[in-house]
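> Could you have a look at this structure, given as structure tokens, before my questions?
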Amino acid sequence: MTDQLTTGDLELAIKNADHSDSESLRKVLLQLVASRIIVLMDKPWDGVARPQDGIRMMFVSDGPNSEQPMLAVFTGLGFTDKFIADDNPFSHAVEVDARFAIVGLSAGAGIIINPNAIPSFRVDPALAKILQDSAREQLSHLKQASN
């Protein structure tokens, strides 16, 4: 049995989230970090082996705030269709542990789950940084435990 939650669990948490209730928002974040999600990469990758140097994940803007980078993560391949196009270099959909994607955030970036779709969820940059620090710490402990 795995401790990974399915993307269906994450989608359900997003659909049930009450943005005025901190506990329901916390539930979305906890399910995000425990889930496998899909990211769009600029180069092929199997999602398991160490990624090649220079590989990048797709970032989008934060709606009308076009200067704010947001990591685009998806709960299913169906949500990636509108982003995969001949002229988009980020055409490689890869399923990864969400912690991998979160660790790979660039400075000052937030996260958007299922951008321009329903259900979607926005994680502002300050909260994304907290998630990133936590994910780095968790992965560090896992690495130490395996040594």
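What follows draws every value from the coordinates through simple rules; no lab data is involved. Note that the coordinates shown come from a computational prediction; the quantities given were computed from them, not determined experimentally. Every residue, glycine among them, receives a Cβ derived from its backbone with ideal geometry; neighbour counts consider all protein chains shown.
> Using only Cα positions of the chain, each an equal point scatterer, no hydration layer, compute I(q)/I(0) via Debye at q = 0.09 Å⁻¹ and quote the log10 values to two decimals.
-0.26
> In a shell of Cβ-Cβ distance under 13 Å around residue 101, excluding residue 101 itself, what net charge do Lys and Arg (+1) and Asp and Glu (-1) give?
Its environment carries a net charge of +2.
> If you don't mind, there's one more thing I want to ask. Which three extents, in whole angstrom, do the alpha-carbon atoms of segment 25-77 cover along their principal axes, largest first?
32, 28, 19
> Right, next: Looking at the calculated P(r) for segment 66-147, what percent of the C-alpha pair distances fall above 17 Å?
Details: 1776 of 3321 pairs.
Cα-Cα pairs in segment 66-147 separated by more than 17 Å: 53 percent.
> Taking every DSSP beta bridge with both residues inside segment 7-146, roughly what % is antiparallel (nearest 5)?
Values: 16 of 20 bridges.
Counting only bridges with both partners in segment 7-146, antiparallel ones make up about 80 percent.
> What aspartates and glutamates does residue 43 reach when the alpha-carbon gap must be under 15 Å and sequence neighbours fewer than 8 apart in one chain are set aside?
Within reach: 53, 86, 87, 95.
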